Every structure is written in C-alpha cells, then in structure tokens.
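Novice: Below is the structure I would like to discuss, written out as structure tokens.
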Amino acid sequence: MKRLAAVVALASLATATAACSGGTTNTSGGPGGGGGLFTTIDVSRPGLDASAPANIWNPKGNSFIGYNAMKLGWVKNSLTDPNQFYPGIAAKWEIAPDNSSITLHIQPNAKWSDGKPVTAEDVKMSIGLAYTTGSTAFALTPGAAGAAADVQIVDDKTVKVTQDMANPSSKFARGVIDNWVEPAHIWGSLLPADFWEKLKASRGTGATADKDREEILAIGQKVLAFAPPKDVSAGPFTLERVNPGEALLVKNKYFYNAANVTPDQVKFLNYSGNEQVWNYLSAGKLDHSGFTAAPTDVMTRIKNAPGSEIIKGFSPVAVGMAFNQSKKPYDNVHVRRGLAYLIDRAQVTKVASPEGGTPALTTSGIHQKPAQEWIGPELSKLNPYPHDVAKAAAEFKEAGLRQKDGKWTLPDGSPWTVTMTAPSGFSDWISAQENIKSQLIENGVNAEVVTVADYPIYLEELAAGKYDVGFWLMALGPAPYDIFQRLYGTPNGWTNVAGKVTHNAPGKAGNWMGGPEELDVQGVGKINPGELTAKLNAASPEEAKPIMAQLAMAANQDLPAIQLWDYVNTQFVNTSRFTGWPAQDSDLLRLPAGVWMQLGMIKKKQ
Amino acid sequence: MGVIARRLAGHLARGIVMILVVATISFFIVRSIPGDPVAANVQKLIQQGMDPVAAEQATRVLYGFQPRGTLWHQYIDYMSGLFTFNLGQSVSHAGQPVTQVLGEAAKWTVLPVLAGTLLSFLVGIVLGVYAAIKRSGKLGDVLAISGSLLHGVPQYVLGLLLSAVFATLIPILPADGPVDILYEPGFNAGYLGSLAQHAVLPVATYALAAYGGWILAMKSSVVTVLGDDFILAAELRGMKRSIVFRYIARNAILPLFTILALSLGLLLGGAVFIERIFNYPGLGLLLLDSITMRDYALMGGAFLLITAAIIVANILADLFYSVIDPRVRGGEEVST
C-alpha cells in the first residue's frame with residue numbers, strides 16, 4: 001500500500017508539473033523566429049503512425065503534402081484544363097505544342113534541408129521511383145495512355161520528358177508534373193544500376209518483359225518500405241518528430257522561398273474519426289482543415305468558434321444514383337426517367353450534404369460548374385428532370401408499371417421495391433438514400449436502404465452485380481476522359497487497353513451497370529459511348545467539346561445514373577492566428593495549406 | 001517434481017497447443033472475410049485525384065506485401081514463421097513486420113488499461129470490504145449504489161462524459177493523444193508530466209468503468225467470508241479489528257484474483273471507443289484499421305496476440321493461485 005501511495009503521489013506530481021508548466025518547448029530551428037505554430041490535420045490520411053518513416057509513398061508515411069513532401073508542380077483546381085500548375089520544384093516548364101514533350105526547369109535556388117542543391121539527377125531518380133510505385137506518365141502498363149517514352153537530363157537544372165505518341169494523352173504534362181521529388185543521395189540506392197535498361201526492356205512484350213516488370217514492381221515494394229534515416233526535404237518544412245497523437249514539422253531554412261514562409265512550426269493532429277475533427281474545429285484548435293462532413297448542429301458549432309471561417313470552391317466530383325440495368329425494371333429507361341422525376345434532388349442534398357454539395361441541375365455526367373464551358377448551349381437543351389410526380393407517373397406507365405391501391409407494381413402485378421445499397425460509414429450517402437426512400441414511399445414506390453459492412457465489400461458486391469441500385473462517384477474532372485469513364489468505362493462494360501476499346505457483356509469483367517453497347521441519341525444518332533469516351537484521352541479541348549456534348553446528351557437521355565448532387569470543396573480556416581487565406585472559389589483550394597505557405601500567402605495575424 | 005512445476009508444465013503444453021489451434025483458425029477466418037480491398041484502394045486513390053492506371057499499379061505494389069501462392073503454402077509459411085515470431089508483413093503499413101506494428105500499438109493500450117485496471121482493482125477491493133462490513137449503514141449503501149451505477153454505464157459514455165467535462169467545459173485536462181509533441185521525448189519532467197497529464201482521462205475512464213464490478217464482487221465475496229467460522233472464532237478470541245479485517249480481505253480476495261488475471265489478459269484487446277475518444281492509437285483501433293484494409297497478416301497477428309495474452313493470463317492466474325492459496329498448493333481441490 002505504501003508503494004502504491006508513492007506511485008500515485010509521483011504520478012500526481014508529474015501531472016501537476018505538466019499542468020503548471022503550461023507552456024511548450026519551442027524547438028524551432030528556422031529563421032525568422034516568431035512566425036508561430038500552425039496547427040492542421042491531413043484529411044486524406046486519418047491516423048498518424050509514429051513508427052512510419054518520412055516516406056511519401058508509404059501509406060502511413062510521415063510525409064505531408066506541400067509541407068515536407070514536394071512535387072515538381074502543383075495542379076491548379078481548374079474547371080477544364082488539367083495542365084494548369086503552380087510552381088513546385090520546377091520553377092517553369094515548356095510543353096511542346098503537340099503535347100509530345102515537356103521541359104522542366106528546376107528552381108535555381110532549390111536546396112534540400114541538408115543544404116545540398118536539388119539537381120536534374122534528383123528529378124530523374126525520382127521519376128525512376130515513380131515508375132516503381134505507380135504514376136500516370138511513368139506507368140509500367142504496356143501501351144498506357146500518356147506514358148513517357150524517354151527522360152533526358154539536359155543540364156544540371158533541366159530535364160526533358162518525351163511522351164510515347166503511340167497512345168498519347170492530353171494529360172501528359174500533368175502526369176509528369178504531378179510527381180514527387182526526393183533526394184538522389186538518400187533514395188538513389190533503391191534503384192539498381194541497370195534500372196533504366198530494365199525499364200526499357202519492360203516496355204516490350206513476352207516473358208522477359210513480364211519478368212522485368214515484376215522486378216520493377218518488387219523495387220516498388222522496397223520504395224514503399226524505405227525509411228530514410230532522417231527526413232531530408234526540399235519543401236518549406238522538415239519532419240522533427242512524431243508521436244501517435246501529433247507530428248511536428250519545423251521550418252526548412254534552405255527552402256527556396258523560405259523568406260516568405262511565415263510559420264516556424266507546423267503541428268499535425270491525429271484523428272481516427274470525424275468527431276475528433278469536429279471537436280478540434282469547434283474548439284478553434286485548427287488553423288486549417290480540409291472538408292469533413294458534419295451534421296447541421298455540429299456545423300453551426302464549428303462556424304460559431306472564434307475566428308472560424310469557411311472557404312468554398314469547385315470540387316470536380318458528383319454523386320449519382322446508379323442502376324444495374326441487368327435487373328428489371330431498371331433495364332427500362334422509362335423507369336429510370338420516372339425515378340429521376342420523382343426524386344427531389346434539392347431535398348436530398350439539403351439532408352445529405354448541405355455544406356458539401358449543391359443539387360445537380362441535371363444529369364449530364366459533368367459537374368455543373370465546368371459543364372457550361374464544355375458543352376455550352378447544349379447544356380440548356382438537356383432535360384433537367386425537375387421534381388414532377390405527374391411526369392414520373394407517365395414514365396412509369398410508359399414502362400408498363402401498374403398502380404394498384406396507390407402502390408406501383410411491376411408489369412406483371414408483382415410488388416416492386418427499389419433497394420438501394422450503401423457502405424456503412426458513408427453517412428452522406430446513407431442519409432441521401434434514406435431521404436430518397438421516404439420520397440419514393442410517399443409517392444407509392446416501395447423502397448428500402450441496405451447498408452453493407454464496409455467499402456471493400458460494397459465494391460466487391462457492386463462489381464459482381466449484386467445490387468439493383470447503388471451510389472457511384474462520377475464526373476471526376478477536370479480531364480474529359482476521366483469525367484466520362486466513370487459512366488462509360490469499365491463499370492459499364494468498356495475496357496480500354498493500350499487505346500484499344502472492347503465491350504464486355506453485363507456481369508463480365510466488372511460490368512455491373514449493364515447498359516447497351518450502342519445508344520440511339522436524339523439529334524445525334526447511334527453512338528458507342530465507350531469508344532467516344534476513349535477518344536477523349538488524346539483529344540484537344542476543341543476536339544473534346546463536341547464529343548462531350550454527345551456523351552452528355554447520351555447520359556441525360558439514357559440515365560445510367562441520376563446525378564444527385566455536385567460536390568463543393570469546403571475548407572475550414574481559423575483567422576485568429578493567421579491571415580492570407582485563399583479567396584472563395586480560388587484554384588488553390590484543392591491544394592494543402594503547405595502549398596499556400598510556399599507561395600507566401602499565409603501571414604501571422606498582427 | 002513439485003505440484004507447481006507439474007501444473008506449470010501441463011499448462012504450458014496446453015497453452016502452446018491452444019495458441020497453434022487459434023493461429024490456424026484465425027489464419028483461415030481472416031482470409032474468408034468478404035470484400036475487395038484492392039478495388040477499394042484503387043477507388044480511394046482515384047477519388048484523391050490519381051489516374052486509374054496509376055492507382056491500379058500503386059495498389060498492386062502495396063498489396064504485393066500480401067503473401068502469394070496457394071492458401072496451403074501460405075499457411076505452412078505462416079505457421080513456420082510463428083516459431084521465429086515472424087508474423088509476416090503488414091500491407092497497411094507497407095511491409096513493416098507485423099510484430100513491430102503490434103508492439104508500437106500495444107504500449108498505448110497496455111499502459112492506460114493496466115493502470116486503470118489496477119487502480120480500479122485496488123480501490124474496488126478496499127471499498128468492497130467496507131461496503132460489506134458496513135452493509136447495514138449509509139456508507140455501505142452509498143458504496144454499493146455507486147458500484148451498481150458505474151457498473152451499468154458503458155465505457156464509452158463515461159469516456160465521452162469525462163472528455164466533455166474536463167477537456168471541453170472546464171478544459172483542465174487534454175483528451176487529444178498520449179503526449180504533447182512540443183516536448184522533447186526523454187526522461188525529462190516536461191515530457192513525463194505531459195505523458196501523465198494526457199493519461200489522466202483515459203486511465204480514469206478505465207478505472208471508473210471497472211470499479212463498479214470490483215466493489216460489487218468484493219462485497220459479495222466478503223459477505224460470504226463473514227459467515228465463516230474462522231472469522232467468528234477470531235472475533236470471539238478478541239483479536240484486533242485490523243487483524244480480523246485482514247483475515248476477511250485475504251480470504252475474500254482469492255476469487256477476484258482470477259478475474260483480475262483474466263482482465264489483464266483481455267486488456268490487449270484494447271478498447272476501441274476509449275482509444276478513439278482520447279486519441280490513443282492502441283491495439284483496438286489498429287485491429288479495426290486492419291479489418292478495413294483486409295490486412296490479413298496484421299489481423300491474424302492481432303487476434304493471435306489477444307488470444308495468447310488470455311492464455312498466458314490464465315496460466316499465470318492458476319500459478320498465482322497455487323502460490324497464494326495453501327489448499328491449492330498442497331494439491332487439494334478448491335472450488336471458487
């Protein structure tokens with residue numbers, strides 16, 4: 001008992017010491033002291049792992065985008081152009097008029113945090129690492145669209161990357177710029193001496209090429225597991241230390257624009273669920289956070305926190321209620337149209353995503369913000385499917401459905417229930433489905449919501465064609481091909497291998513939407529939507545526009561999915577300690593605050 | 001060979017067999033969980049802005065850490081690895097050895113749960129004795145009611161309540177992780193103080209949640225002992241109150257040691273809610289994360305660790321019993 005009392009007393013003393021000391025240890029080694037501590041979270045990666053290395057490829061790695069992890073450039077949140085960038089390690093770049101190459105010029109003052117200069121050799125080595133871990137321009141898949149054919153060091157600060165024009169992509173420049181850069185003197189040993197020869201050989205066909213590709217993928221595993229002895233970064237910060245609750249980064253005095261980076265330290269807070277983020281925001285602890293969905297009362301609490309502000313902008317993604325057309329009655333377009341008229345999208349959005357979405361104006365397959373720029377006057381010709389019960393009834397009758405005692409039944413009189421499935425934990429999807437269920441039942445259509453244990457099970461069962469109706473992310477911009485491949489790609493039967501498009505029967509090769517291979521689009525004629533989508537890969541913006549208009553009309557007429565709401569990029573900031581935040585609708589909004597700091601925007605509040 | 005040594009040998013042999021059986025069952029069960037983690041990872045990367053081709057390759061590299069070959073070959077590799085404490089590589093931690101990942105998480109589970117359990121045990125048994133002796137007085141009633149009330153409140157409600165009161169309404173204690181990052185780790189007052197300060201709320205939650213069970217069990221055990229002849233004899237012989245109290249406590253505590261040992265075995269299972277509320281990334285959260293990622297090696301390792309801890313705790317409880325109870329030590333059968 002005496003020992004216990006001593007232990008308790010010691011613990012109390014320690015607690016009191018910490019409670020009384022109150023202050024914190026300033027470990028900043030950076031110049032320009034007094035810049036303050038910036039507190040944030042990484043919304044893309046919940047859960048800090050104190051034992052993970054400072055490695056951007058490691059899924060748990062303690063590398064934070066824009067802070068101690070640097071790309072060649074930072075992709076702007078453009079409505080339509082995927083090749084708009086802010087400078088990163090590359091200060092500037094030239095893209096060949098035919099998109100066949102990009103020449104990168106490294107920041108003249110760029111240095112690693114150990115004082116060594118950033119060179120073209122670092123960039124080339126990093127490109128090698130990108131080949132091993134998965135990258136758009138540096139893909140191992142033979143014939144992949146927009147893949148690089150050659151990487152050439154022009155001089156110590158210049159690198160030229162050439163596109164393989166056998167299957168070009170308009171996104172080639174983005175595929176090159178959107179890559180990490182790491183120091184060759186730390187990471188270089190991961191690539192074997194014959195790496196570039198092996199890479200060349202892997203581009204062929206046959207057993208040897210397959211073997212080479214496997215060997216390169218095996219290097220990728222070493223890259224993912226690699227633990228640098230110390231974080232060496234060319235970004236504005238370097239990792240000081242991590243514990244399971246927090247990560248601390250300190251200013252990198254060698255960063256090329258260090259004079260304009262204000263905070264001395266950055267603290268990342270750990271979280272494992274949304275409620276922790278809500279608590280941080282409500283307490284005013286975070287200077288910045290990406291979007292986290294929150295119920296209305298929590299959102300009000302967050303908004304009421306001193307200094308709390310919300311910045312909104314374009315988010316190139318929408319959510320759709322997608323149908324399995326292999327299942328009756330969803331094979332009938334009139335049923336899908338009837339449901340489109342019956343569902344009040346404004347009400348669904350208000351319930352499910354009041355801060356994070358705006359009701360879709362119509363189903364075009366394109367987010368409403370860039371839709372005007374892509375398809376112009378054609379947009380107004382699309383059917384907006386306004387909430388109209390009478391029109392819904394007419395469509396259902398056209399489909400042969402019957403109404404009995406106020407309930408809609410299948411043509412043979414058997415009961416019809418709209419069964420919607422969502423993965424557990426996707427609270428906005430489940431809320432939306434519950435609201436749709438209420439709306440449908442109110443109008444005589446039986447409906448139910450089924451939740452499955454998690455996202456891996458949802459995707460497996462969705463791909464296996466087990467669900468009648470599921471939710472599906474669509475309109476993933478800004479690149480035209482990416483937008484429409486969500487509706488007219490693998491989920492709907494089309495596979496695009498090395499630019500060659502084939503169509504698979506419903507239920508085969510991931511075709512769970514089960515739509516027809518050809519569509520007769522009013523005012524256009526017969527089209528093959530999958531082939532048209534594939535053409536978008538290499539099309540210039542002017543070539544893409546008419547194709548996108550045709551595909552938008554097809555999506556609007558055929559409704560493989562009902563576009564419910566278009567997401568909004570919502571960022572939380574706190575103006576109590578820092579100012580200089582991006583404006584509403586800024587093209588910086590999808591980039592982390594570390595990039596805003598690099599650009600010299602964030603300033604300490606005076 | 002003494003009784004204790006014989007018992008130990010028997011327990012160890014049975015324990016090893018049980019661990020191997022559990023390892024086999026968990027190996028096959030975790031691999032039969034439905035779901036397509038590869039597709040989920042591809043979709044996650046696409047939603048983060050990655051091109052589908054790149055997302056597929058990145059996922060292929062990541063899931064390359066998953067063992068290949070037939071299920072039978074994987075099983076043989078897994079079981080042979082067990083003997084060298086090699087539980088494989090974690091997919092979600094990109095190739096880190098599972099033992100290392102478990103070790104990192106275990107410390108953030110073991111420390112608060114152990115402290116909370118021992119604290120609640122000590123307070124619970126002392127007050128349990130008082131509640132039994134004073135069972136016809138107001139103090140006894142108060143103690144018994146407090147035990148019943150706290151025993152009925154779920155851990156997560158207590159955790160949320162303590163967090164709301166002491167971290168939000170009257171913000172005098174932190175609820176955001178195990179230690180403040182701004183303190184240099186090491187044996188210094190600031191760092192250790194921060195550790196202790198951050199541990200107060202989770203330890204208090206564990207302690208309060210378990211306290212009710214201990215006080216009620218101890219009270220019931222003491223009431224049974226109070227009716228025994230040796231207590232009556234001690235009182236009739238005019239022994240000091242403190243000595244009689246010790247007699248009562250020592251005899252009544254025996255069955256509770258078994259429960260304590262089992263509780264300590266279960267502590268490695270973690271407490272997901274408390275870990276989440278107080279941001280203590282321990283074994284509970286790790287297990288959840290591994291299930292979401294279908295990280296088979298990590299799931300299997302976590303299940304095995306929890307099971308092994310319970311088996312070891314059982315063995316220790318039995319041995320401890322042999323030490324503290326002369327009847328068991330002498331080879332007598334005893335019913336608890």
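The values are calculated or read from the model by the stated rules, or taken from the named source; none is laboratory data. This one's a predicted model, so the numbers in the text were calculated from it and none came from an experiment. Positions of Cβ are backbone-derived with ideal geometry, glycine not excepted, and every protein chain shown enters the neighbour counts.
Novice: State which residue is nearest to B:Ala54 (Cα to Cα) when the search covers only the stretch A:495-510 and only residues that are within 14 Å of chain B (Cβ to nearest Cβ) and assigned to a loop (DSSP other than H, G, I, E, B).
Specialist: For the stretch A:495-510, the residue satisfying everything is A:Ala498.
Novice: Return the residues of the stretch B:166-180 that are crowded, with 16+ Cβ neighbours inside 10 Å and outside any helix (DSSP H, G or I); say none if nothing qualifies.
Specialist: B:Leu173, B:Pro174, B:Ala175, B:Asp176, B:Gly177, B:Pro178, B:Val179, B:Asp180
Novice: Please pick out the residue among A:Thr136, A:Thr132 that is among the β-branched types (Val, Ile, Thr), closer than 29 Å to A:Thr205 by Cα and outside any loop (DSSP other than H, G, I, E, B).
Specialist: Residue meeting the stated conditions: A:Thr132.
Novice: Related question: Can you pull out every residue in the stretch B:1-16 that is surrounded by fewer than 11 Cβ atoms within 10 Å (Cβ to Cβ) and modelled with pLDDT of 90 or more?
Specialist: B:Ala13
Novice: Here's another thing I want to ask about it. Given the residues A:Thr141, A:Thr136, which is the only one that is assigned by TED's automatic domain parsing to the domain that holds A:Thr80 and under 19 Å from A:Trp93 (Cα atoms)?
Specialist: Exactly one of A:Thr141, A:Thr136 is assigned by TED's automatic domain parsing to the domain that holds A:Thr80 and under 19 Å from A:Trp93 (Cα atoms), namely A:Thr136.
Novice: While we're here: A:Ala583: at negative phi and either at pLDDT 95 or above or surrounded by fewer than 21 Cβ atoms within 10 Å (Cβ to Cβ) (or both), yes or no?
Specialist: Yes, satisfied.
Novice: Of the numbered conditions (1) of a type outside the set (D, E, K, R); (2) under 29 Å from the mean Cα position of the chain (by Cα); (3) under 18 Å from A:Gly489 (Cα atoms), B:Val53 fails exactly one; give the number of that condition.
Specialist: The number of the failed condition is (2).
Novice: Same structure again: Test of understanding: among B:Gly69, B:Gly15, which residue is more than 18 Å from B:Thr307 (Cβ to Cβ) and either away from chain A (no Cβ under 14 Å) or of a type in the set (Asp, Glu) (or both)?
Specialist: Of the residues listed, the single one that is more than 18 Å from B:Thr307 (Cβ to Cβ) and either away from chain A (no Cβ under 14 Å) or of a type in the set (Asp, Glu) (or both) is B:Gly69.
Novice: Determine, yes or no, whether B:Ala252 is more than 22 Å from B:Ala105 (Cβ to Cβ) and either outside the structural domain of B:Pro154 (by TED's automatic domain parsing) or buried (at least 20 other Cβ atoms within 10 Å of the Cβ) (or both).
Specialist: So B:Ala252 fits the description; yes.
Novice: Which of the helices (runs of 4 or more DSSP H) found entirely inside the stretch B:208-294 contain at least 3 residues meeting this: over 22 Å from A:Lys60 (Cα atoms)?
Specialist: Once the helices (runs of 4 or more DSSP H) in the stretch B:208-294 are filtered for at least 3 residues that are over 22 Å from A:Lys60 (Cα atoms), what remains is B:229-236, B:241-252, B:254-266.
Novice: On the given criteria, is B:Ser163 part of a loop (DSSP other than H, G, I, E, B) and either at the interface with another protein chain (Cβ under 9 Å from one of its Cβ atoms) or acidic (Asp, Glu) (or both)?
Specialist: For B:Ser163, the condition - part of a loop (DSSP other than H, G, I, E, B) and either at the interface with another protein chain (Cβ under 9 Å from one of its Cβ atoms) or acidic (Asp, Glu) (or both) - is not met.
Novice: May I ask you to verify whether A:Asn492 is away from every other protein chain (no Cβ under 11 Å) and closer than 14 Å to A:Gly338 by Cα?
Specialist: no
Novice: Say whether the condition of being within 14 Å of chain B (Cβ to nearest Cβ), assigned to a helix (DSSP H, G or I) and not hydrophobic (A, V, I, L, M, F, W, C) is met by at least one residue in the stretch A:421-434.
Specialist: yes
Novice: Still on this structure, I have one more. Identify, from the list B:Tyr191, B:Tyr206, B:Tyr156, the residue that is more than 8 Å from chain A (Cβ to nearest Cβ) and either among the acidic types (Asp, Glu) or buried (at least 22 other Cβ atoms within 10 Å of the Cβ) (or both).
Specialist: B:Tyr206
Novice: Additional query: Within the stretch A:266-297, which residues are more than 20 Å from A:Leu37 (Cα to Cα) and more than 13 Å from every other protein chain (Cβ to nearest Cβ)?
Specialist: Once the filter is applied, which keeps residues that are more than 20 Å from A:Leu37 (Cα to Cα) and more than 13 Å from every other protein chain (Cβ to nearest Cβ), the stretch A:266-297 yields A:Thr292, A:Ala293, A:Ala294, A:Pro295, A:Thr296, A:Asp297.
Novice: Another question about this same structure. Go through (1) small (Gly, Ala, Ser); (2) surrounded by 16 or more Cβ atoms within 10 Å (Cβ to Cβ); (3) farther than 30 Å from B:Ala105 by Cα one by one and return the number of the condition B:Ser290 breaks.
Specialist: B:Ser290 satisfies all of (1) small (Gly, Ala, Ser); (2) surrounded by 16 or more Cβ atoms within 10 Å (Cβ to Cβ); (3) farther than 30 Å from B:Ala105 by Cα except (3).
Novice: Can you pull out every residue in the stretch B:52-83 that is of a type in the set (S, T, N, Q), surrounded by fewer than 20 Cβ atoms within 10 Å (Cβ to Cβ) and not in a loop (DSSP other than H, G, I, E, B)?
Specialist: Of everything in the stretch B:52-83, those that are of a type in the set (S, T, N, Q), surrounded by fewer than 20 Cβ atoms within 10 Å (Cβ to Cβ) and not in a loop (DSSP other than H, G, I, E, B) turn out to be B:Gln74, B:Ser80.
Novice: Quick test for you: out of A:Ser272, A:Ser289, pick the one residue that is touching a helix residue (DSSP H, G or I) at 6+ places or on another chain (Cβ under 7 Å), small (Gly, Ala, Ser) and surrounded by 23 or more Cβ atoms within 10 Å (Cβ to Cβ).
Specialist: A:Ser289
Novice: Next question, about the same structure. Could you grab the pairs with beta carbons closer than 6 Å, sequence gap of 6+ or different chains, first residue in the stretch A:507-527 and closer than 21 Å to A:Ser326 by Cβ, second one exposed (fewer than 14 other Cβ atoms within 10 Å of the Cβ)?
Specialist: That search, which allows pairs on different chains as well, returns A:Glu518/A:Lys526; A:Asp520/A:Lys526.
Novice: Another question, then. Give the residues of the stretch A:344-361 that are in a loop (DSSP other than H, G, I, E, B) and buried (at least 23 other Cβ atoms within 10 Å of the Cβ), sorted by residue number.
Specialist: A:Ser353, A:Ala360
A quick yes/no check of all residues on (1) farther than 24 Å from A:Trp581 by Cα; (2) surrounded by 23 or more Cβ atoms within 10 Å (Cβ to Cβ):
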site	(1), (2)
A:Leu37	no, no
A:Pro59	yes, no
A:Ala69	no, yes
A:Ser78	no, no
A:Asp81	no, no
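Novice: Would you check which residues across the stretch B:23-51 are more than 7 Å from chain A (Cβ to nearest Cβ) and outside any helix (DSSP H, G or I) and list them?
Specialist: Across the stretch B:23-51, the qualifying residues are B:Ser32, B:Ile33, B:Gly49, B:Met50.
Novice: Determine if the stretch B:102-120 includes at least one residue that is at the interface with chain A (Cβ under 8 Å from one of its Cβ atoms) and closer than 30 Å to B:Thr205 by Cα.
Specialist: Taking every residue of the stretch B:102-120 in turn, at least one turns out to be at the interface with chain A (Cβ under 8 Å from one of its Cβ atoms) and closer than 30 Å to B:Thr205 by Cα.
Novice: Could you tell me which numbered condition B:Leu201 fails, if it satisfies all but one of (1) out of contact with any helix residue (DSSP H, G or I) (no Cβ under 9 Å at 6 or more places or on another chain); (2) modelled with pLDDT of 90 or more; (3) within 12 Å of another protein chain (Cβ to nearest Cβ)?
Specialist: Going through (1) out of contact with any helix residue (DSSP H, G or I) (no Cβ under 9 Å at 6 or more places or on another chain); (2) modelled with pLDDT of 90 or more; (3) within 12 Å of another protein chain (Cβ to nearest Cβ) one by one, B:Leu201 breaks only (1).
Novice: Could we say that B:Ile259 is away from chain A (no Cβ under 14 Å) and in contact (Cβ under 8 Å) with a residue 60 or more places away in the chain here?
Specialist: Against the criterion (away from chain A (no Cβ under 14 Å) and in contact (Cβ under 8 Å) with a residue 60 or more places away in the chain), B:Ile259 does not qualify.
Novice: What pairs come up if the first residue lies in the stretch A:306-332 and is among the basic types (Lys, Arg), the second is in a strand (DSSP E or B), and their beta carbons are under 8 Å apart, counting only those six or more places apart or on different chains?
Specialist: A:Lys312/A:Val568; A:Lys312/A:Asn569; A:Lys312/A:Thr570; A:Lys312/A:Gln571
Novice: For the stretch A:77-97, enumerate the residues that are touching a residue at least 60 places away in the same chain (Cβ under 8 Å), in a loop (DSSP other than H, G, I, E, B) and more than 23 Å from A:Phe38 (Cβ to Cβ).
Specialist: A:Ser78, A:Leu79, A:Thr80, A:Asp81, A:Pro82, A:Asn83, A:Gln84
Novice: Looking only at residues that are touching a Ser or Thr at 6+ places or on another chain (Cβ under 6 Å) and of a type outside the set (Lys, Arg) in the stretch B:268-289, which one is nearest to the other protein chains (Cβ to nearest Cβ)?
Specialist: Per the criteria, the residue is B:Leu285.
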